[in-house]
Ligand SMILES: Cc1cc2nc3c(=O)[nH]c(=O)nc-3n(C[C@H](O)[C@H](O)[C@H](O)COP(=O)(O)O)c2cc1C
């Protein structure tokens, strides 16, 4: 018999810290630093394992990969070599003891039942430490690679809703079920085993638009939100409380995560110098190309669709 693990243990990610820390993007070459410096992150499997084991021992709570299929080219090919995130998570979960490891999965590119079973497999390997970051896609070039069409924005989230409903049903204690939706019609679905220990993996989403955030509020345990350039600390704090108030209105609780960049050196002066060298002076893809900027894209997207910073209907 598997030991029972409670959903509060999953939320806590095995630690008593209220502020959870994670490492983002280690599955990609260059990580998240658009730089030509030769010591930039390799994204190789041995380096990922070493990093995960250091994080595990240091008490970092989680690792979150980037779902990226196509790099940006140029000499350094920023994020050009990427390890697939669920299989990456399986390997890291097997080699760590406490860390929660997420997979970042594009709902439109994978059958929900294959996905649900992959997640359950990862979750058993990690004994309840797997988490799902579900993304709907935004990069047309990546979708063309699959011969897939990026749906119109609202439809992306309608599709993802059905997809996630199916994943959750497959995880639930239900026996055979049918699903009759707009995008999926499934008959006699049977999915075993269930996630580890009688609970389900944590679910995160990084929607920046009002629709994306409403999706997170309805379905997820956490919203991964980026700090747009120029936004003040107070505005970000208002944004976080706005999201949490919307969740409470809907009878849910949601955690909010964000991204920070840490340059670590023995002294502050050395850290500033290294930041200047690696992130400012050598901030190029190589070959003269500039980074097209996924974060810029997210930020522009969020502004265009107006991030709700005060409580309003999540619908
Ligand atoms: C911090 C952060 C991380 C994200 N990570 C990924 C990712 O790994 N892969 C991906 O395809 N999209 C990623 N996205 C994009 C989001 O899933 C989403 O498409 C984007 O924020 C636009 O929001 P919207 O869909 O609500 O318009 C990320 C967004 C943010 C803010």
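The values are calculated or read from the model by the stated rules, or taken from the named source; none is laboratory data. All figures in this text were calculated on a predicted structure; none of them were measured in a lab. Note: ideal-geometry Cβ built from the backbone for every residue, glycine included; neighbour counts use all protein chains shown.
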Please work out if residue 46 is within 13 Å of the ligand (Cβ to nearest atom) and on the phi < 0 side of the Ramachandran plot. no
Would it be correct to say that residue 98 is part of a loop (DSSP other than H, G, I, E, B) and away from the ligand (no atom under 12 Å from the Cβ)? yes
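Which is within 12 Å of the ligand (Cβ to nearest atom) and over 18 Å from the mean Cα position of the chain (by Cα), of 154, 158?
154
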Picking from 30, 15, 44, 111, the residue that is out of contact with any strand residue (DSSP E or B) (no Cβ under 9 Å at 6 or more places or on another chain) and surrounded by 19 or more Cβ atoms within 10 Å (Cβ to Cβ) would be 30
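One line per residue, one yes/no per condition, for (1) crowded, with 19+ Cβ neighbours inside 10 Å; (2) farther than 22 Å from residue 133 by Cα; (3) within 15 Å of the ligand (Cβ to nearest atom); (4) modelled with pLDDT of 95 or more:
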residue: 175; (1), (2), (3), (4): no, yes, no, no
residue: 184; (1), (2), (3), (4): no, no, no, yes
residue: 191; (1), (2), (3), (4): yes, no, no, yes
residue: 221; (1), (2), (3), (4): yes, no, no, yes
residue: 225; (1), (2), (3), (4): yes, no, yes, no
residue: 231; (1), (2), (3), (4): no, yes, yes, no
residue: 238; (1), (2), (3), (4): no, yes, no, no
Do the conditions hold for residue 214, that is, is it within 12 Å of the ligand (Cβ to nearest atom) and buried (at least 22 other Cβ atoms within 10 Å of the Cβ)? no
Residue pairs qualifying under the 7 Å Cβ cut-off, at least six apart or on distinct chains, with the first in segment 107-133 being at positive phi and the second being part of a helix (DSSP H, G or I), are 127/196; 128/10; 128/196; 128/197
Please work out if residue 137 is more than 19 Å from residue 29 (Cβ to Cβ), part of a loop (DSSP other than H, G, I, E, B) and away from the ligand (no atom under 15 Å from the Cβ). no
Please work out if residue 142 is more than 30 Å from residue 12 (Cα to Cα), in contact (Cβ under 8 Å) with a residue 24 or more places away in the chain, assigned to a helix (DSSP H, G or I) and touching a helix residue (DSSP H, G or I) at 6+ places or on another chain (Cβ under 9 Å). yes
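Quick check: is even one residue across segment 221-238 touching a residue at least 24 places away in the same chain (Cβ under 8 Å), within 16 Å of the chain's Cα centre (by Cα) and assigned to a helix (DSSP H, G or I)?
No.
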All conditions in (1) surrounded by fewer than 20 Cβ atoms within 10 Å (Cβ to Cβ); (2) out of contact with any strand residue (DSSP E or B) (no Cβ under 7 Å at 6 or more places or on another chain); (3) touching a residue at least 24 places away in the same chain (Cβ under 8 Å) are true of residue 196 except (1)
Sort through 259, 279 and tell me the only one that's modelled with pLDDT under 95, touching a strand residue (DSSP E or B) at 6+ places or on another chain (Cβ under 9 Å) and within 26 Å of residue 30 (Cβ to Cβ). 259
Please specify each residue of segment 56-66 satisfying the condition of being surrounded by fewer than 23 Cβ atoms within 10 Å (Cβ to Cβ) and within 8 Å of the ligand (Cβ to nearest atom). 66
